[in-house]
Structure formats: C-alpha cells, structure tokens
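Inspection log for the structure reproduced underneath, given as structure tokens.
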Amino acid sequence: MIDEEGVLGRLSGRSPANPSQAAQQVALGCQIIARFGHEDLTLGHASVRGPDGRTIYIKRKGKALREVRAQDVMAISLDQPDGYLAPGAHLETVMHTEAYLARPDVGAVIHTHPLHSIAMGATEQGLAILSHDGLMFPDGVPIFEGTAGLVTSVGQGKAVAQALGSNRAVLLRNHGILVVGEDIRWAVLAAITLERAAQLQFVARALGDTVAIPRSAAGELFGTKYTDEFTEEYWMAWCRLVSDSQPMGLS
Ligand SMILES: [Zn+2]
C-alpha cells in the first residue's frame with residue numbers, strides 16, 4: 001500500500017502541470033478502466049490534453065490497458081494535420097484529436113469497447129436513466145451511426161465529434177464508446193459509469209418492465225450526485241486500487 005501523502009498524493013487527476021504528469025495520468029486512466037470492464041486485449045485508448053492546450057498525450061498501440069505505463073504514452077500535436085498518423089499511434093487516434101479540436105472544454109478522452117455498452121448501442125433505445133449511474137448522462141447518450149467500422153479518417157472523426165455534441169459520451173453503434181471529461185478523473189468516471197449503467201439496464205430489463213428517472217429531474221439530480229469533490233474522492237480510491245495490485249507500476 002502506498003500512502004496518500006507519498007506517491008498517491010502526487011497522482012493528481014486535475015489538468016496536468018507538465019508532459020510527464022499528463023503521461024502518468026493516461027497510464028493511470030488506462031489501468032483503472034481496465035479494472036471495470038473496458039479491457040479488450042490491446043484495443044482501447046485514453047488521452048489527456050497537455051498544459052499547452054495544443055498537445056495531447058495518448059496511449060500508443062501494442063499494450064493492453066492494464067499494462068500501460070507512462071513510457072507507453074506518445075505526444076501528438078493538434079496543430080499538425082497528419083499528427084494522428086504518427087508511427088505507433090492507434091488507428092483510431094483521430095477520434096481523440098477531433099474531439100479536442102471540437103471541444104475546448106475537454107481535457108481527457110477515452111475510447112473503448114466495453115461489452116454492455118456495445119450491446120446497448122446495438123439497440124434502438126440506447127440508454128435509459130434507471131439509476132444514479134444513468135444520472136451521469138442526464139440528457140441521454142447520443143448514438144453515432146456513421147460507420148460500424150473503425151474511425152480512421154478526419155471526416156469520420158469530425159462526424160463522431162459532431163454526434164458527441166456537448167455531451168459526455170457517445171455510443172458508436174455496433175462498435176464501442178467515446179467519452180470525454182474536463183480532466184482524466186471525469187473521463188474515467190464517465191467511462192466506468194456508462195458501462196455500469198448499461199449493465200444495470202440489462203439486468204433491470206431482464207427482471208421486468210423498467211421505470212426510468214424522468215429527464216426533467218435528471219439534470220438537477222446530476223448536480224447533487226456528481227460533484228468535483230466526489231470525483232476527486234473516487235480518483236484517489238481508483239489510484240489506491242491499481243497501486244495495491246501493481247505497487248511497482250505507478251511510475
Ligand atoms: Zn474502436
């Protein structure tokens with residue numbers, strides 16, 4: 001166990017102060033979501049916007065999410081039109097770059113293939129707000145239907161960003177999810193919570209007809225449930241979780 005005053009105390013999930021902190025946040029984010037249903041062999045990736053606002057730090061291809069360390073993270077400039085094609089970059093890196101370009105408020109992006117969310121995205125109805133997890137997405141989660149294949153071109157990346165709109169998440173029909181956050185803490189929270197909400201919806205519908213939280217109440221309830229204080233608390237708990245199982249894997 002690593003004490004919070006020591007290493008964990010330095011594992012801030014807020015907007016990174018320097019490139020090495022950004023890389024460490026990406027590694028931690030990948031390790032955390034791997035524990036919550038997002039692992040898909042070596043697929044899926046997280047990224048963080050760097051302190052200059054124009055460079056992103058993203059998992060490079062080759063490692064499983066749970067294996068990612070700071071050295072497995074690469075820098076890509078948003079000002080370089082072909083930056084997403086850099087050697088070692090995941091094929092779908094363009095989803096990240098276009099999300100950052102479209103949303104100046106976004107500090108972190110995650111794309112993964114979690115089982116329950118993909119199943120939900122393959123249905124007509126999409127997400128229903130059945131629980132506090134669903135409340136994370138008070139306006140629902142839009143569905144991108146541009147392609148069921150990989151998103152690899154700038155045009156497709158822009159279309160995903162457009163489908164995302166001002167939301168925290170978009171379901172990629174028959175493929176996966178893209179979630180965004182103000183920083184890595186909020187993006188991880190959105191990724192974990194979306195998958196949990198999808199799993200809960202599956203269980204509830206197996207038990208009977210479901211009763212949803214009215215959309216009219218969801219916005220207000222979101223504000224009381226999902227505060228920065230709670231998100232910080234969750235982030236530190238997730239960091240303890242991965243540090244307990246991988247005591248040598250944090251640096
Ligand atoms: Zn994908």
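For the range 1-129, the relative contact order comes to 24 percent (Cα pairs under 8 Å, sequence separation of at least 6).
If you count, for each residue, the other Cβ atoms within 10 Å and average over each peptide, how do 91-98, 111-118, 22-29 line up from highest to lowest? Present the calculation step by step, with values, prior to reporting the outcome.
Working: 91-98: 25.5, 111-118: 22.0, 22-29: 27.2.
Per-residue Cβ counts within 10 Å, averaged per peptide and sorted highest first, yield 22-29, 91-98, 111-118.
Subtracting the Cα-Cα distance of Thr227 and Ser20 from their residue separation scaled by 0.36 nm leaves 71.8 nm.
Solvent-accessible surface of the chain, averaged per residue with a 1.4 angstrom probe and all protein chains in place: 44 square angstrom. When every Cα-Cα distance of the chain is counted in 5 angstrom steps from zero, the calculated P(r) takes the values 1, 7, 14, 19, 20, 17, 12, 7, 3, 1, 0 percent. Working ranking of peptides 44-50, 236-242 by packing, defined as the average number of other Cβ atoms within 10 Å per residue, highest first, is 44-50, 236-242. Peptides 79-90, 130-141 ranked from most to least packed give 130-141, 79-90, packing being the mean of other C-beta atoms within 10 angstrom over each peptide's residues.
The values are calculated or read from the model by the stated rules, or taken from the named source; none is laboratory data. Predicted, not measured: the structure shown is a model, and the values here were computed from it. Neighbour counts are summed over all protein chains in view; Cβ atoms, including those assigned to glycine, are modelled from backbone coordinates with ideal geometry. Side chains are part of the model used for accessible areas, which takes the heavy atoms of the whole protein and leaves out ligands, DNA and RNA. Shrake-Rupley method; radii C 1.70, N 1.55, O 1.52, S 1.80 Å.
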